Protein chains: 2
Amino acid sequence: MTTPEYAQELRTLLFQGENDIRRDLCAELPEATLAEALTGLSPQSVWEMLSLMQPWKRAAVFGYFNLDFQVFLTENINKDELAHLLTEMSADERVDLFKRLPEEAQESVFPLLAKAEREDIRKLSSYDENMAGSVMTSEYVTLTPDLTVTQSLEKLRRQWPGKETIYYAYVIGEGRRFLGFVSLRKLILAKPSAYVGDIMKAEAIYIRASDPREKAAELIAKYDLIALPVINGGDALVGIITHDDALDVVTEEATEDMLRMASTDAEEYENSSILQSIRLRGPWLTLNLGTAMLSSLTVSFFQDTISQYVILAALMPIIAGLGGNAGTQTLAVTVRGIALGKIPVGRGRKVILQEAGVGLMNGAIIGLLVAVIALFGFNKPWLGLIMLMAMICNLIIAGLIGSAIPLALKSLKLDPALGSSVFITAATDISGFFVFLSLATLMMPLLR
Amino acid sequence: MTTPEYAQELRTLLFQGENDIRRDLCAELPEATLAEALTGLSPQSVWEMLSLMQPWKRAAVFGYFNLDFQVFLTENINKDELAHLLTEMSADERVDLFKRLPEEAQESVFPLLAKAEREDIRKLSSYDENMAGSVMTSEYVTLTPDLTVTQSLEKLRRQWPGKETIYYAYVIGEGRRFLGFVSLRKLILAKPSAYVGDIMKAEAIYIRASDPREKAAELIAKYDLIALPVINGGDALVGIITHDDALDVVTEEATEDMLRMASTDAEEYENSSILQSIRLRGPWLTLNLGTAMLSSLTVSFFQDTISQYVILAALMPIIAGLGGNAGTQTLAVTVRGIALGKIPVGRGRKVILQEAGVGLMNGAIIGLLVAVIALFGFNKPWLGLIMLMAMICNLIIAGLIGSAIPLALKSLKLDPALGSSVFITAATDISGFFVFLSLATLMMPLLR
């Protein structure tokens, strides 16, 4: 097995071996392995190696490179070679690359493609990148209900070489209307003279091209599908989404959620230079500066109180720190719950109340701990009582806001994870300081 | 298509329809849909509906319930019925359920199972839940190199009904030694008289049963596999992992990372009562109380300084808030980078330096903003200078520690995401307060 650690040795073999060995390696090794070994090398070296491969394999290896590297490599070939490469690529990878090419390259290569590929690109590129349509491929086999099993198998055999998935065939009627599917398994077990219309599965799972791509991944995960048919507004079959693309979608969505929750963006991975990181995180930190100034303003109202009893300033980080972390816990549970579909529409209120309850209990536990320390450690019972009350209030607020923010973003059709960490720390800081310092001001006669 | 919104209507149909309609629905609907409609109903209702299904379909629907519900349902059937159900279930789901049964149920039902199933349970249950072995199934077709294509197809046809994946068959030698695989596609296109040994793919991707399960998901994603063969220490084939299980692993691992990063645990989803949430989050909050007391102690060293210039207390939240959020950004990028394999072993130092660089730049930008506000808004140039220096230091520290914590946890073979939010806020709070208040103490003559 070839694992990432061998990539370096593989490169040596590929570039120092004899031509026969190189050709054999290119023919035998999996496409993903070859792509990994070639990634990051100079365009000359990459093209030299790609030229040793069969056209279909070359296109497959090329499709495994990340898009930036693909675009970079295309700058070193002429438009005929580019057209040839695009023709050999799988339909979904072809359109992804095409959309990223500079406009002039698009214009010069488009006329060189066959009519089928041109129409394919037009069709697949018409969907927004968050839509199911953007991850579908047009490479699948269609059958009609009037075909026999023998005719169907014949058609499958003929069309196999270029198709991404041949383990399901899709049955369509007039105007490509989607009727159902037949698995290869069923076709092989069925009587050769049976009709597709009689053995197909009509109660099939499908998705609309304009639905969100996460939904496609959900359906594939839920029903354990190898591929999911995609239909348009007129119920016509326009493509399929395969299980490997669903895996990519799930991975990308999880990355997006995690980074957005931390107030930055998944783009960081595509091009992770220092400048890129600053560009993506800077605006959120600037917004954070604004919210932190609000916290600061809150504290500044209580300067009199603090100057009378400076220990309050030293205790502020305990209130703010616990509130922030409890809020982050709630946030993560809620964001992930929404992503996994565990919080159905209309259940939001229940989640918020439950989180407030958790905040109340945890606030009481931690607050009591603090109160006990204040009482026995420092002999300051009133200070302990203030900390207890402030802790309970702040952890209830952390629960309420930590769950309400993502649910509100969701109902506004925004990403529930968007910049959540900035908002939650602002909310818990401001409310925590306000409650703690207000109580201290009210009870000042008892504290001194 | 049946979507979650229809579950309620489907229940009505299932429980109020006539027996013929109910039987038809049970036969026609996908297993996942039926399982969804039945989840949460009383055991009597669930078993009433399951009894209308064919044994294989009953077991398949049962396998879609979550494990808690499965265990709960088994309490309402006798041991013969349980043995029958276990026999019909797929091998991986069977062992998952078996491991969760109460000990007495295990002991009473085990002798009732056939020898093959008993051995299967022993084999599959011997792996830790984080190992690839724990997600594999024993349901696949094996061939030997000396079989012809005709004989192979005959064997495939015979073994199909019970096998999870029939699109790949695995080739084994003496002692079940793993030799390679043949796809169904290849078998159907090959000459009927050809030998398996000549058409099989020997350069196959595989995994060891003791490898981490994430690695299985990675390989399946990278090579776009429908199934991945699993071998033991002696190179013998012991199982396969299918694409749908890889999707589950990726989803679960992302959930685990996100929640651990926020200092709680993925267990919250399995049994999300208020008490469960308190049990999981409480210990982290208690640890956080400890770290927050260290921040508090840091501030308390500077009580003299603060009492001389109380505005410092109001400015502390700005330093702490920005540091915490910048640290969280770094943390999320690093944790996700590790999970996606974007940070290879030995590149850790480079990542930490890059993050420190981002911290320096963002610290300078935000710090200058603050300094300008202090200068022109409040005419306090020295205070602005202190804020600028403290902001730069704190954001560099946030970058260093936010990346170093997950990398250190990783090299200690712990989960890189474990409790990270508690550690990062502690580090940025303590260092931020220390730098800010030290500078203020040193420059006090200029401030007053």
Exercise. Which condition does B:E119 not pass, out of (1) of a type in the set (D, E, K, R); (2) farther than 21 Å from B:D235 by Cα; (3) part of a helix (DSSP H, G or I), if it passes all the others?
Worked result: (2)
For this session: Report, by residue number, each residue of region A:347-371 that is over 17 Å from B:N288 (Cα atoms) and facing another protein chain (nearest Cβ under 7 Å).
Result: A:Q354, A:G357
Seminar exercise, completed: Among the residues of region B:316-346, the number that are more than 20 Å from B:M443 (Cβ to Cβ), among the aliphatic types (A, V, I, L, M) and either touching a strand residue (DSSP E or B) at 6+ places or on another chain (Cβ under 7 Å) or more than 8 Å from chain A (Cβ to nearest Cβ) (or both) is 4
Seminar exercise, completed: Per the filter on region B:302-337, residues in contact (Cβ under 8 Å) with a residue 24 or more places away in the chain and not in a helix (DSSP H, G or I) are B:F302, B:Y309
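Filter region B:159-198 for residues that are within 11 Å of chain A (Cβ to nearest Cβ) and of a type in the set (K, R) and give the result.
In the first step, residues of region B:159-198 are kept if they are within 11 Å of chain A (Cβ to nearest Cβ); the result is B:160-161, B:163-168, B:178, B:183-189.
Scanning region B:159-198 gives B:K163, B:R185, B:K186.
Determine whether region A:326-344 contains at least one residue that is over 30 Å from A:A217 (Cα atoms) and surrounded by 22 or more Cβ atoms within 10 Å (Cβ to Cβ). First the steps, then the outcome.
As a first pass, look at region A:326-344 and keep what is over 30 Å from A:A217 (Cα atoms): A:326.
Imposing the further condition that a residue be surrounded by 22 or more Cβ atoms within 10 Å (Cβ to Cβ) reduces the set to A:326.
Yes, some residue in region A:326-344 is over 30 Å from A:A217 (Cα atoms) and surrounded by 22 or more Cβ atoms within 10 Å (Cβ to Cβ).
Does B:S193 satisfy the criteria of being touching a strand residue (DSSP E or B) at 6+ places or on another chain (Cβ under 9 Å), within 30 Å of B:K57 (Cα to Cα), surrounded by fewer than 18 Cβ atoms within 10 Å (Cβ to Cβ) and of a type in the set (S, T, Y)?
Working: touching a strand residue (DSSP E or B) at 6+ places or on another chain (Cβ under 9 Å): yes; within 30 Å of B:K57 (Cα to Cα): no; surrounded by fewer than 18 Cβ atoms within 10 Å (Cβ to Cβ): yes; of a type in the set (S, T, Y): yes.
So B:S193 does not fit the description; no.
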Exercise. Could you list, in sequence order, the residues of region B:351-406 that are among the polar types (S, T, N, Q), buried (at least 20 other Cβ atoms within 10 Å of the Cβ) and either more than 17 Å from B:V335 (Cα to Cα) or in contact with a Gly (Cβ under 7 Å, 6 or more places away or on another chain) (or both)?
Worked result: B:N362, B:N394
Seminar exercise, completed: Sole miss for B:A227 among (1) more than 10 Å from chain A (Cβ to nearest Cβ); (2) of a type outside the set (F, W, Y); (3) more than 20 Å from A:D224 (Cβ to Cβ) is condition (3)
For this session: Considering only region A:52-102, state which residues are buried (at least 16 other Cβ atoms within 10 Å of the Cβ) and hydroxyl-bearing (S, T, Y).
Result: A:Y64, A:T74, A:S90
Exercise. Only one residue in A:L400, A:L418, A:L446, A:L360 is modelled with pLDDT under 90 and either assigned to a helix (DSSP H, G or I) or touching a Phe, Trp or Tyr at 6+ places or on another chain (Cβ under 6 Å) (or both), so which one is that?
Worked result: A:L446
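Would you call B:D211 in contact (Cβ under 8 Å) with a residue 40 or more places away in the chain and over 23 Å from A:L153 (Cβ atoms)? Working first, answer last.
Values: in contact (Cβ under 8 Å) with a residue 40 or more places away in the chain: yes; over 23 Å from A:L153 (Cβ atoms): yes.
Yes; evaluated as a whole, the condition is true for this residue.
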Exercise. How many residues are closer than 20 Å to B:E88 by Cβ and out of contact with any helix residue (DSSP H, G or I) (no Cβ under 9 Å at 6 or more places or on another chain) when one looks only at region B:141-167?
Worked result: 2
Problem set entry | helices (runs of 4 or more DSSP H) contained in region A:9-85 and holding at least 1 residues in contact with a Gly (Cβ under 8 Å, 6 or more places away or on another chain) and without any contact (Cβ under 8 Å) to a residue 60 or more places away in the chain | A:19-28, A:31-38, A:67-74
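Based on what the data block shows, is A:A169 surrounded by fewer than 19 Cβ atoms within 10 Å (Cβ to Cβ) and touching a Ser or Thr at 6+ places or on another chain (Cβ under 9 Å)? Even if it seems obvious, please write down each step before you answer.
Numbers: surrounded by fewer than 19 Cβ atoms within 10 Å (Cβ to Cβ): no; touching a Ser or Thr at 6+ places or on another chain (Cβ under 9 Å): yes.
Spelling it out, it is not the case that A:A169 is surrounded by fewer than 19 Cβ atoms within 10 Å (Cβ to Cβ) and touching a Ser or Thr at 6+ places or on another chain (Cβ under 9 Å).
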For this session: State which residue pairs qualify: first residue more than 24 Å from B:S296 (Cβ to Cβ) and inside region A:387-411, second residue of a type in the set (S, T, N, Q) in any location, beta carbons under 7 Å apart, and separation of 6 or more residues or different chains.
Result: A:S403/A:T330; A:S403/A:T334; A:I405/A:S420; A:P406/A:T334; A:P406/A:S420; A:L407/A:T334
Seminar exercise, completed: The correct count of residues that are within 20 Å of the chain's Cα centre (by Cα), buried (at least 24 other Cβ atoms within 10 Å of the Cβ) and not polar (S, T, N, Q) in region A:407-448 is 2
Exercise. Does B:T298 fit the bill of being hydroxyl-bearing (S, T, Y), crowded, with 24+ Cβ neighbours inside 10 Å and more than 7 Å from chain A (Cβ to nearest Cβ)?
Worked result: no
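Restricting region B:265-282 to residues that are of a type outside the set (G, A, S), free of Cβ contacts under 8 Å to residues at least 12 places away in the same chain and in contact with a helix residue (DSSP H, G or I) (Cβ under 7 Å, 6 or more places away or on another chain), which is farthest from the other protein chains (Cβ to nearest Cβ)?
Let us first name the residues in region B:265-282 that are of a type outside the set (G, A, S), namely B:265, B:267-271, B:274-276, B:278-281.
Within this subset, residues satisfying the condition of being free of Cβ contacts under 8 Å to residues at least 12 places away in the same chain are B:274-276, B:278-279.
So of that shortlist, the ones also in contact with a helix residue (DSSP H, G or I) (Cβ under 7 Å, 6 or more places away or on another chain) come out as B:274, B:276, B:278.
Numbers: B:I274: 5, B:Q276: 9, B:I278: 5 Å.
Of everything passing the filter in region B:265-282, B:Q276 is farthest from the other protein chains (Cβ to nearest Cβ).
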Problem set entry | The one condition in (1) crowded, with 24+ Cβ neighbours inside 10 Å; (2) over 25 Å from the mean Cα position of the chain (by Cα); (3) more than 7 Å from chain A (Cβ to nearest Cβ) that B:Q308 fails to fulfil | (1)
Problem set entry | Restricting region A:230-243 to residues that are surrounded by 24 or more Cβ atoms within 10 Å (Cβ to Cβ) and of a type outside the set (V, I, T), the residue that is nearest to the other protein chains (Cβ to nearest Cβ) | A:H243
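Would you mind finding the one in A:A262, A:A246, A:A292, A:A313 that is more than 30 Å from A:L179 (Cβ to Cβ), within 16 Å of the chain's Cα centre (by Cα) and either within 7 Å of chain B (Cβ to nearest Cβ) or surrounded by fewer than 19 Cβ atoms within 10 Å (Cβ to Cβ) (or both)? Walk me through how you get there before you give the answer.
Values: A:A246 fails: more than 30 Å from A:L179 (Cβ to Cβ); A:A292 fails: within 16 Å of the chain's Cα centre (by Cα); A:A313 fails: within 16 Å of the chain's Cα centre (by Cα).
Of A:A262, A:A246, A:A292, A:A313, the one residue that is more than 30 Å from A:L179 (Cβ to Cβ), within 16 Å of the chain's Cα centre (by Cα) and either within 7 Å of chain B (Cβ to nearest Cβ) or surrounded by fewer than 19 Cβ atoms within 10 Å (Cβ to Cβ) (or both) is A:A262.
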Seminar exercise, completed: Of B:S296, B:S277, B:S300, the only residue that is small (G, A, S), in contact with a Pro (Cβ under 7 Å, 6 or more places away or on another chain) and in the same structural domain as B:D415 (by TED's automatic domain parsing) is B:S296
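Filter region A:265-283 down to the residues that are modelled with pLDDT of 75 or more and in a loop (DSSP other than H, G, I, E, B), then identify the one that is surrounded by the most Cβ atoms within 10 Å (Cβ to Cβ).
Narrowing region A:265-283 to residues modelled with pLDDT of 75 or more: A:265, A:273-283.
Checking the rest, the ones that are also in a loop (DSSP other than H, G, I, E, B) come to A:265, A:273.
On the way: A:D265: 23, A:S273: 11.
The qualifying residue surrounded by the most Cβ atoms within 10 Å (Cβ to Cβ) is A:D265.
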Exercise. Pick from B:E104, B:E129: which is assigned to a loop (DSSP other than H, G, I, E, B) and either over 21 Å from B:F181 (Cβ atoms) or among the hydroxyl-bearing types (S, T, Y) (or both)?
Worked result: B:E129
Exercise. What number of residues in region A:199-210 are surrounded by 16 or more Cβ atoms within 10 Å (Cβ to Cβ) and more than 10 Å from chain B (Cβ to nearest Cβ)?
Worked result: 3
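Return yes when A:I373 is assigned by TED's automatic domain parsing to the domain that holds A:L437, within 23 Å of A:M258 (Cβ to Cβ) and not aromatic (F, W, Y) and no when it is not. I'd like the intermediate steps shown before the answer.
Values: assigned by TED's automatic domain parsing to the domain that holds A:L437: yes; within 23 Å of A:M258 (Cβ to Cβ): no; not aromatic (F, W, Y): yes.
No: the conditions fail for A:I373.
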For this session: Of the numbered conditions (1) under 24 Å from A:V249 (Cβ atoms); (2) among the β-branched types (V, I, T); (3) not assigned by TED's automatic domain parsing to the domain that holds A:S51, A:I121 fails exactly one; give the number of that condition.
Result: (3)
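The values are calculated or read from the model by the stated rules, or taken from the named source; none is laboratory data. Note that the structure is a prediction, hence the values are computed from the model and not measured. All Cβ positions, even for glycine, are placed from backbone atoms using ideal geometry, and neighbour counts span all protein chains on display.
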